[in-house]
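Notes follow once the structure below has been shown.
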Amino acid sequence: MERRELFSFLSSSVKEAAGESKNETVIIRPPYYNDADAFVTECQNCEAQCASLCQEQIIVIGKDKTPYLDFSKRGCTYCDECATACPSDVLLIQNKRLIDVTVVINKNKCLSWQGVMCFSCKDPCLEDAIDFKAMFMPEINNKCTNCGFCIGRCPADAIDIKKAS
């Protein structure tokens, strides 16, 4: 084993111990469904109207032909357009709810938690759901709607999406 490989191995072990391992992939569905299994059964023959009408262009059709949300550039405004467009009633306005994830700030990656003045997550937050203790140390409060606008704006990729508990 070369010295470089050893240091890479040790570095990855330390990061994993600190909770910085890669997030498991979380499939984020539009917030208008009642039955998650309906995506697999009903969306196979659909023409993806939900994705084409999404104002924020965050609905992506996966390889399995089901819609999921991609927060890498923008977030969800809960505009109801995807539910209105859904021809197979997988997405219905009456099933509207918060997006089924938990958004958390990874303190080990966050620039503010490391003493660098950064408000990138707070600025796009429509609900004022990010509080700062003193000048630094952002935390997500209970106003969070899991819309995802903060995620793509973080320069340190420090905002994680977890399965809702």
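Only the coordinates and a few stated rules stand behind these numbers; no lab work does. Just so you know, these numbers come straight off a predicted model, no measurement behind them. Positions of Cβ are generated from backbone atoms using ideal geometry, with glycine treated the same way; all protein chains shown enter the neighbour counts.
Numerical summary
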{"item": "Helix axis angle, 3-17 relative to the chain longest principal axis, alpha carbon, degrees", "result": "60 degrees"}
{"item": "Point-to-point label distance, LYS143-LYS162, nm (Cα→Cβ direction, 7 Å offset)", "result": "2.2 nm"}
{"item": "Radius 12 Å from Cβ of LEU53, net charge of other residues (Lys, Arg +1; Asp, Glu -1)", "result": "-4"}
{"item": "Lys/Arg +1, Asp/Glu -1 at C-beta; region 20-148 dipole; positive extreme among PRO31, PHE71, SER112", "result": "SER112"}
{"item": "Across LYS107/LYS143; LYS65/LYS122; LYS122/LYS143; LYS73/LYS163; LYS107/LYS162, pairs whose alpha-carbon gap is larger than 22 Å", "result": "LYS65/LYS122"}
{"item": "Size of region 99-163 as Cα extents on the principal axes (Å, biggest first)", "result": "31, 19, 16"}
{"item": "Highest average packing first - 86-97, 71-82, Cβ atoms within 10 Å", "result": "71-82, 86-97"}
{"item": "Mean shadow area of the chain over all directions, Cα convex hull, nm²", "result": "12.0 nm²"}
